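A.B. asks: Sharing a structure below in structure tokens format, with a few things to ask.
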Amino acid sequence: MSKRALVLSYFVVLAVLHQDFWWKADPTLVLGVLPISLAYHVAWTLFVAVGWFLAGRYCWPVGLDAEPGSPAAPTVPASPPVDPTAAR
């Protein structure tokens, strides 16, 4: 399985886990002040941040943010010159 597929799978799992209906009626407080559902979403948000880090690390196109002319820059074939009189 490729790294891109793993990152995509990670986000699919996070999307499923975002539906936290099991905490809906639980009155438990974390650290005495934070409802369990809110604490769950705080942890979920941290895992989403890790997912975006992984997406940027393993799914970002190579050389996209490189300076033009550097060896890492993508090479784009030059378009042929346009004859301005041919369009008339």
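The values are calculated or read from the model by the stated rules, or taken from the named source; none is laboratory data. These numbers come from a predicted model, not from an experiment. Glycine gets a Cβ as well: all are built from the backbone with ideal geometry, and neighbour counts include every protein chain shown.
A.B. asks: When you go through L29, L46 one by one, which is the residue that is surrounded by 12 or more Cβ atoms within 10 Å (Cβ to Cβ) and modelled with pLDDT of 80 or more? Even if it seems obvious, please write down each step before you answer.
C.D. replies: Details: L46 fails: surrounded by 12 or more Cβ atoms within 10 Å (Cβ to Cβ).
Result of the check over L29, L46: L29.
A.B. asks: Residues in the range 8-33 that are within 30 Å of R57 (Cα to Cα) and in contact with a helix residue (DSSP H, G or I) (Cβ under 7 Å, 6 or more places away or on another chain): how many?
C.D. replies: Counting residues in the range 8-33 that are within 30 Å of R57 (Cα to Cα) and in contact with a helix residue (DSSP H, G or I) (Cβ under 7 Å, 6 or more places away or on another chain) gives 6.
A.B. asks: Something else now. Given the conditions (1) modelled with pLDDT under 90; (2) under 30 Å from L14 (Cα atoms); (3) more than 24 Å from the chain's Cα centre (by Cα), which single one is not true for T75?
C.D. replies: Failing condition for T75: (2).
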